[in-house]
Amino acid sequence: MFHDIIFIGGGFRTVSFLLADYRLLELDLCIVERIGHLGPGKFKDLDCLSNSNASTFLRHLDHNSRIANKTLIKKMAVKHSPVSLTVIGRMLEIFGKEIKTQLPPGSVVTGHEVLSVDLRPADRYPVKVVLSDGNHINAKFCILGTGQSELLMHELLPWKEKVLLSGQVLSASYRPQLLEKLKQNRSTRIVIVGCSHSAFACAKLLCDIIGKSENPHFYSIEILHRRKVHIYYPSVDEARIHQDLKYEEEASAQFICEESGEVFRDSGIKYEAKAMYRSIYSGKHDFIKMHPIENLYSCSTIFDGSNLIIQATGLKSILPPLSLDGRIINEANDTSKLLADICGILSHESANINGLIAQLRVMALPDICKDRKIYNKGLYNNLRDLLLTKFHSNAR
Ligand SMILES: Cc1cc2nc3c(=O)[nH]c(=O)nc-3n(C[C@H](O)[C@H](O)[C@H](O)COP(=O)(O)OP(=O)(O)OC[C@H]3O[C@@H](n4cnc5c(N)ncnc54)[C@H](O)[C@@H]3O)c2cc1C
């Protein structure tokens, strides 16, 4: 198969990008998605509220497309509050189906993983994508929409039998097993590692479960955090009034967005998770406490004595192997040598791959941009303009 553009991964980013301008769906493109359908990606199974105004992207749907007029979507688009991630997942599934019906047959390949991406700049179709069924697809340009995942930390390997990743704890389909695990012991000592949005979302969920149990006093939860907690504030003034520096990171210049004045704009916890943090901190739940630590190696006694360890330390991008003329450029999934520009186009420190491959917020934000600068602002528009300029003359 030969296409102008190939998208790898058909989750939230790919689908929301494609629906933000109906002209993109007129391009000669192909999408490969590992699971059976386009759209929901990770959102489908995450049973918690978003840490952001997650419906914002709905306002950017192209109103020339039929989908933007659906009642549920119109209703969600005006919400200015967090949204259930499973509801977002359901909407994304509708969007995925819509994209599939608008593209020519065979353009959406689901149920197949991309095993590798080979770039050969001298070829007419310089991108070769190898699929898990042994077939391959050739394209002129490749866009990575493969998302980010949680990986078990090596510090927790000795206790791996009792570690759950935060995504598992928050997963709706895993809930019966989680409840069973919580019932197994007469007294359950739970350790949450990390102080991200997911850590507090897990704490909230466990609190709700424990609150409803017959013997809440059988449970204890300890949140181990290596860094201070990043709490979102709309302005520095608000931060100065409400911050407690015993647990919270101070609102210093590096954490204040130059454009909006918000504090911890990206990394800060908001809404329900922020409320959970506040209630723990104010001592509302006597069975949960926060415990600042130096590093995880010093916590072996705590891990030995716990029944359940929840890892909530963030996400990492796992890209398929990328090679340039046969040489792998992301050895052992090391993406540190890859840089994205404002269109998402990737360049490599020492290999000339410019112009062939782009990413849709797959890579973690560089620390220099996090919180301080609106990173990749306009990414979708910039990438859209680039694709339309390059490929629209070939459009169907
Ligand atoms: C516990 C937890 C809580 C979260 N909370 C929030 C939140 O509150 N707000 C928020 O915005 N985000 C949250 N996220 C992150 C959320 O997962 C992402 O924001 C969102 O899913 C990003 O969309 P995406 O398209 O980049 O990735 P995904 O939704 O993960 O989509 C990527 C798609 O690519 C596919 N794929 C990957 N590799 C391949 C391959 N090699 N071949 C073919 N297909 C492939 C996957 O199957 C998947 O469908 C949370 C994540 C976790 C784990």
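When D304, D325 are screened for being in the same structural domain as P126 (by TED's automatic domain parsing) and over 20 Å from the mean Cα position of the chain (by Cα), only D325 passes. Every condition in (1) modelled with pLDDT under 90; (2) within 11 Å of the ligand (Cβ to nearest atom); (3) farther than 21 Å from N381 by Cβ; (4) open to solvent by 10 Å² or more (accessible area, probe 1.4 Å) holds for S81 except the one numbered (2).
Just to be sure, is S166 within 16 Å of the ligand (Cβ to nearest atom), in contact with a Gly (Cβ under 8 Å, 6 or more places away or on another chain), under 30 Å from F255 (Cα atoms) and open to solvent by 10 Å² or more (accessible area, probe 1.4 Å)?
No.
Here the range 138-158 is the region considered, the condition is being crowded, with 23+ Cβ neighbours inside 10 Å and either outside the structural domain of R124 (by TED's automatic domain parsing) or of a type in the set (V, I, T) (or both), and the residue that is nearest to G305 (Cα to Cα) is T146. Filtering A199, A172 for residues that are open to solvent by 10 Å² or more (accessible area, probe 1.4 Å) and under 19 Å from the mean Cα position of the chain (by Cα) leaves a single hit, A172.
Okay, residues lined up against (1) within 15 Å of the ligand (Cβ to nearest atom); (2) touching a helix residue (DSSP H, G or I) at 6+ places or on another chain (Cβ under 7 Å); (3) not in a strand (DSSP E or B):
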| position | (1), (2), (3) |
| --- | --- |
| S260 | no, no, yes |
| K274 | yes, no, yes |
| R278 | no, no, yes |
| M290 | no, yes, no |
| Y297 | no, yes, yes |
| S300 | no, no, yes |
| I309 | no, yes, no |
| T313 | yes, no, yes |
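One line per residue, one yes/no per condition, for (1) over 16 Å from N307 (Cα atoms); (2) modelled with pLDDT of 95 or more; (3) open to solvent by 30 Å² or more (accessible area, probe 1.4 Å); (4) of a type outside the set (A, V, I, L, M, F, W, C):
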| position | (1), (2), (3), (4) |
| --- | --- |
| Q184 | no, no, yes, yes |
| T188 | no, no, no, yes |
| V191 | no, yes, no, no |
| N215 | yes, no, yes, yes |
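Kindly indicate the residue of the range 359-381 that is in a helix (DSSP H, G or I) and open to solvent by 40 Å² or more (accessible area, probe 1.4 Å) and also farthest from the ligand (Cβ to nearest atom) among those meeting that condition. Please lay out each step first, then the result.
At the first step, the residues of the range 359-381 found to be in a helix (DSSP H, G or I) are 379-381.
Cutting the leftovers down to open to solvent by 40 Å² or more (accessible area, probe 1.4 Å) gives us 380-381.
Values: Y380: 12, N381: 18 Å.
Checking each candidate, the answer is N381.
Condition (residue is at pLDDT below 95 and within 11 Å of the ligand (Cβ to nearest atom)) applied to the range 57-73: is it met by at least one residue? Yes, some residue in the range 57-73 is at pLDDT below 95 and within 11 Å of the ligand (Cβ to nearest atom). With respect to being modelled with pLDDT under 95 and within 9 Å of the ligand (Cβ to nearest atom), L92 fits the description.
The values are calculated or read from the model by the stated rules, or taken from the named source; none is laboratory data. It should be emphasised that the depicted structure is a prediction, and the values quoted were computed from it without experimental measurement. Positions of Cβ are backbone-derived with ideal geometry, glycine not excepted, and every protein chain shown enters the neighbour counts. Ligands, DNA and RNA are stripped out before the accessible areas are found, and what is left, the full protein with its side chains, is counted by its heavy atoms. Shrake-Rupley method; radii C 1.70, N 1.55, O 1.52, S 1.80 Å.
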